[in-house]
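Have a look at the structure below before the remarks.
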Amino acid sequence: MSESTVSNPPLEGWGEREVVITGVGMVTPLGRSTMETWRALCAGENGIGPITRFDASTFPVQFAAECQQIDIIGHQGLSARGKRIVSSQKGRLAFAAAQEAWVMACVDETTAEKWTADGKLGVCLGSEAGRPDLETVATQIKDQTLPSVEALDVLSPQAPAELVAEMLGATGPISVVSTACTSSSQAIGEGLFRIRRGEVEAMMVGGVDVLIDPLMVTGFSLLGALSTRNDAPEKASRPFDKDRDGFVLGEGAGMLLLESLASAKARGAVILGHLRGFGCSCNAYRITDSPPDGRGAAQSMTDALRDARLLAKDIGYINAHGTSTPMNDPSESRGIQTAFGEWAPLIPVSSTKSMMGHLVAACGAVETIVALLAVREGVLPATRNLDNPDPECAIRHIQGSPLRIDIEHAMSNAFGFGGSNGTVVVSKWRS
């Protein structure tokens, strides 16, 4: 990527409608709501501990980042299928996060009815296919009591999106993105583009994932991707640290209500921030590894900057993908160096996966919300466990305590297995 890419002026003549964020919702290993999670992040708390979901005593990895039990309300009017979906862990997380975002956005009944009548409210979520409990399935095969098709279809990747659409009465476009760790970032990009094109007035976007089960722990362990610090799980996720040994599986959900600026102004909504731009790319390299030079990550970040009509020097914070794996962290660091050139050493970078683990299909949405809150609150969370920064990750780390600084624009990266890359840019809203 040439130096001119870094210093080129932003694209002019955008033409599309501006998109703002009017509601957010999160359920993570650090909290059952957005503010609970945010407070824990700013305090540097740990959401990683021994697995309680199943007996992991004989597994090579015995810890993960589990969400606390959540009680959902307001689901009594759902269809029979909606109730089946919301009874699952993935359904509960998606429902709770979307409900929080919707309530925060304070959409009045008149607006909601108009969106529904005109098909102007859509849903796009990042989600992977669910997995049945293998021990239960084995017992059912033995007893010849296999579940019905209706029960199994709850495991489909589109089930959470259909649940959210039913919950909101959304009659606009509905879609699912399933590109591993990039899924919910690309879902945000899809919502951004649909509103810009005038197809809809609002989109509920985000992602949800639940990976803490025997099959996933075994699979990622065989890949050598997981940290094996069973004796100290709270120190296991250590992005950009020289002593990192892999990522930590997590679960959670993050949702954002996106809205056209015209719609938000017309109904007097409180605008949380400006969804400024999105960029994506593919590494075309290896399924499990990022290219050492970080070229795919650099392309994604550069494209997001251009789409946002911003310069490299405008970005005040990067919430890194920062998985804590030996391959990803140096690759992302080199991507940042390439995309930002001379400005790279000046931009604060941190990875909140150090506290909540890797939420996979949900991580892009959750970390975009974190970037949004960093812009709004002027607080940039630190990377936990970053005791000995790797010289191969030569970027400006936020260590120890959060950085308190007023910024206008922040970036969130999500880079997935299979080589997909997604970058979201959010900005402070100034009326």
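The values are calculated or read from the model by the stated rules, or taken from the named source; none is laboratory data. Because the structure is a prediction, the values reported are computed rather than measured. All Cβ positions, even for glycine, are placed from backbone atoms using ideal geometry, and neighbour counts span all protein chains on display.
Just wondering, is there one or more residues in segment 179-196 that are over 17 Å from Gly126 (Cα atoms) and not hydroxyl-bearing (Ser, Thr, Tyr)?
Scanning segment 179-196 turns up at least one residue that is over 17 Å from Gly126 (Cα atoms) and not hydroxyl-bearing (Ser, Thr, Tyr).
Which members of segment 236-294 meet the condition of being of a type in the set (Ser, Thr, Tyr) and in contact with a strand residue (DSSP E or B) (Cβ under 6 Å, 6 or more places away or on another chain)?
Answer for segment 236-294, where residues must be of a type in the set (Ser, Thr, Tyr) and in contact with a strand residue (DSSP E or B) (Cβ under 6 Å, 6 or more places away or on another chain): just Ser281.
Output yes when any residue across segment 391-407 is assigned to a helix (DSSP H, G or I) and more than 15 Å from the chain's Cα centre (by Cα), and no when none is.
No, because not a single residue in segment 391-407 is assigned to a helix (DSSP H, G or I) and more than 15 Å from the chain's Cα centre (by Cα).
Do the conditions hold for Thr28, that is, is it β-branched (Val, Ile, Thr) and free of Cβ contacts under 8 Å to residues at least 60 places away in the same chain?
no
Considering only segment 156-167, I want to know if a residue exists there that is over 28 Å from Ser420 (Cβ atoms), modelled with pLDDT under 90 and in the same structural domain as Pro214 (by TED's automatic domain parsing).
no
For Gly322, all conditions in the list (1) closer than 28 Å to Ser221 by Cα; (2) outside any loop (DSSP other than H, G, I, E, B) hold save one; what is the number of the exception?
That leaves (2) as the condition not met.
Could you go through segment 310-332 and let me know if any residue there is free of Cβ contacts under 8 Å to residues at least 24 places away in the same chain and either touching a strand residue (DSSP E or B) at 6+ places or on another chain (Cβ under 6 Å) or within 30 Å of Ala202 (Cα to Cα) (or both).
No, every residue in segment 310-332 fails to be free of Cβ contacts under 8 Å to residues at least 24 places away in the same chain and either touching a strand residue (DSSP E or B) at 6+ places or on another chain (Cβ under 6 Å) or within 30 Å of Ala202 (Cα to Cα) (or both).
Just need a number here: residues in segment 364-399 that are of a type in the set (D, E, K, R) and within 17 Å of Val424 (Cβ to Cβ).
2
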